[in-house]
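See structure below.
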Amino acid sequence: MLARISNTKAFHWLGRQLMNRDNPAAWLDPLATTINPMWVQEYTPARVERIIVETNDTKTFVLTPAKRWAGFQAGQHVNICTDVNGIRRTRTFSLSSSPLLWERQGEITLTIKRLPGGLVTNWMHDSLKQGDVIGLTEAFGDFQIPQPAKPALYIAGGSGITPILSQLETMAAENYRASVALLYFVRTQDDVIAREALTALAARWPALSLTIIATHEGKEPRYLKDSDLTPVTGLPVREVYLCGPKGLMDLANDLLSQRGVNEQQIHSTFFAPPAQAQLDGAQLGGDVTFTTSNLKVGSEGDANLLEIAEAAGLQPQHGCRMGICHQCSCRKTSGTVVNRLTGKVSGPGEETVQLCVSVPQGPVVLDV
């Protein structure tokens with residue numbers, strides 16, 4: 001078996017100089033892929049052990065990552081990378097299993113819904129098989145269980161249940177003693193993901209109150225309403241976790257605010273980015289200097305820094321391209337950028353920025 005090479009600064013420098021890669025061990029990846037894909041070094045390989053059908057459009061993929069993977073905390077995401085029609089694709093998914101499954105059995109799960117027109121999700125549903133190997137990044141995200149334990153309310157919609165499943169399984173296993181309520185919205189009762197797991201959790205864990213609401217089984221759609229929050233005792237002091245379609249999350253935020261829940265108590269996670277802010281293109285653009293690459297590029301309009309770097313032939317690290325995963329974060333040493341999602345303007349000095357959502361506003365210098 002190939003020995004794992006340490007990730008020291010010297011090795012990173014050597015890899016960048018010779019092969020434009022941080023890890024020189026990745027030089028051998030083409031050979032390793034043909035011998036044993038689990039030896040690949042450029043990313044953490046993960047083998048598909050089992051595939052479980054949850055609903056007619058949702059499957060759970062049980063994976064065994066290589067042992068060097070660092071693990072995760074309940075509620076976090078990973079980026080997966082895989083070749084679809086000969087092109088490397090990267091997408092962000094929530095881990096749906098408890099970290100205890102990884103710690104005890106070396107397995108994790110991704111519960112993935114087929115999306116209309118979705119390139120990667122549809123490929124995974126149609127083509128990914130038991131025994132295949134895909135790539136994983138390290139886990140990321142701050143959508144995490146309250147510490148110390150506090151009463152909590154979860155509001156989920158559709159496949160937004162996946163990071164919440166991870167948290168609930170973990171909380172039950174650790175005998176989380178504070179009260180926990182889950183409002184889970186699905187189109188029909190046939191669309192409930194992990195119904196058996198949720199029912200079993202509610203049966204064995206007295207702290208959990210489970211409510212499943214079908215939105216499209218009546219004559220009129222049945223969405224979240226204020227009366228759904230009435231049975232949730234002590235709502236103003238609960239930590240609230242939201243994950244689902246934007247419409248549900250916006251409605252939940254409005255109702256929670258009316259009920260006196262502070263914004264600081266509400267935690268949200270997204271599978272897609274929030275709507276982009278309206279930016280004035282006439283005030284955007286400028287020269288971008290990539291100091292590590294000794295390159296200076298001019299830009300106009302609202303192109304983000306990642307797009308500018310790639311157009312110049314650079315290949316900076318990135319993941320979701322939506323401002324969620326922070327894999328493209330780098331150091332800005334000078335200049336001003338505008339966040340494409342929030343419209344917020346940065347300071348002119350040194351700070352960390354996300355390439356995929358940062359648009360230059362005048363000259364910018366980056367450590368890339």
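So here's what we get for this one:
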quantity: Phi to ³J(HN,Hα) by Karplus 6.51 cos²θ - 1.76 cosθ + 1.60 over the stretch 354-368, Hz, x for Gly, Pro; calculated: 9, 4, 6, 10, 9, 10, x, 10, x, x, 9, 10, 10, 7, 9
quantity: Gaussian network model of the chain, springs between alpha carbon atoms under 10 Å - residue of GLU220, GLU307, GLU138 with greatest fluctuation; calculated: GLU220
quantity: Accessible surface ranking that places the most exposed of LYS59, LYS296 first, with a 1.4 angstrom probe; calculated: LYS296, LYS59
quantity: Those aspartates and glutamates that a straight Cα-Cα span of less than 17 Å connects to LYS150, excepting residues fewer than 8 apart in one chain; calculated: ASP142, GLU169, GLU174, GLU239, GLU263
quantity: Protein accessible area in the chain, 1.4 Å probe - carbon and sulfur %; calculated: 50
quantity: Contact order relative to length of the chain, as percent, for alpha carbon pairs under 8 angstrom and 6 or more apart; calculated: 12
quantity: Vicinal HN-Hα couplings computed from phi for the stretch 235-246 (Karplus, 6.51 cos²θ - 1.76 cosθ + 1.60; Hz; Gly/Pro x); calculated: 4, x, 10, 7, 7, 10, 10, 10, 7, x, x, 4
quantity: Area accessible to solvent at ASP57, 1.4 Å probe radius, in Å²; calculated: 40
quantity: Reachable aspartates and glutamates, given that their alpha-carbon falls under 18 Å from the alpha-carbon of LYS67 and they are not under 8 places away in the same chain; calculated: ASP29, GLU42, GLU49, GLU103, GLU107, ASP132, GLU138
quantity: Extension gain, MET322 back to VAL53 (0.36 nm per residue minus Cα-Cα distance, nm); calculated: 94.0 nm
quantity: In Å², nearest 10: area of VAL53 left accessible to a 1.4 Å probe; calculated: 100
quantity: Accessible area (Å², 1.4 Å probe, nearest 10) - ILE308; calculated: 10
quantity: Listed pairs LYS59/LYS219; LYS296/LYS332; LYS59/LYS129; LYS225/LYS246 exceeding 22 Å between Cα atoms; calculated: LYS59/LYS219
quantity: Label-point separation, LEU100 to ALA312 (7 Å along Cα→Cβ), nm; calculated: 5.0
quantity: Ranked order, THR352, THR291, THR111, THR333 - accessible area, probe 1.4 Å, largest first; calculated: THR352, THR291, THR333, THR111
quantity: Residues with amide H under 5 Å from that of SER268, placed H, sequence gap 5 or more; calculated: LEU242
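The values are calculated or read from the model by the stated rules, or taken from the named source; none is laboratory data. Fair warning: this is a prediction, and the values are worked out from it, not measured in the lab. Note that each Cβ is placed from the backbone with ideal geometry, even for glycine, and that neighbours are counted across all protein chains shown. Quick note on the areas: whole protein, heavy atoms, side chains included, nothing else; ligands and nucleic acids left out. Shrake-Rupley method; radii C 1.70, N 1.55, O 1.52, S 1.80 Å.
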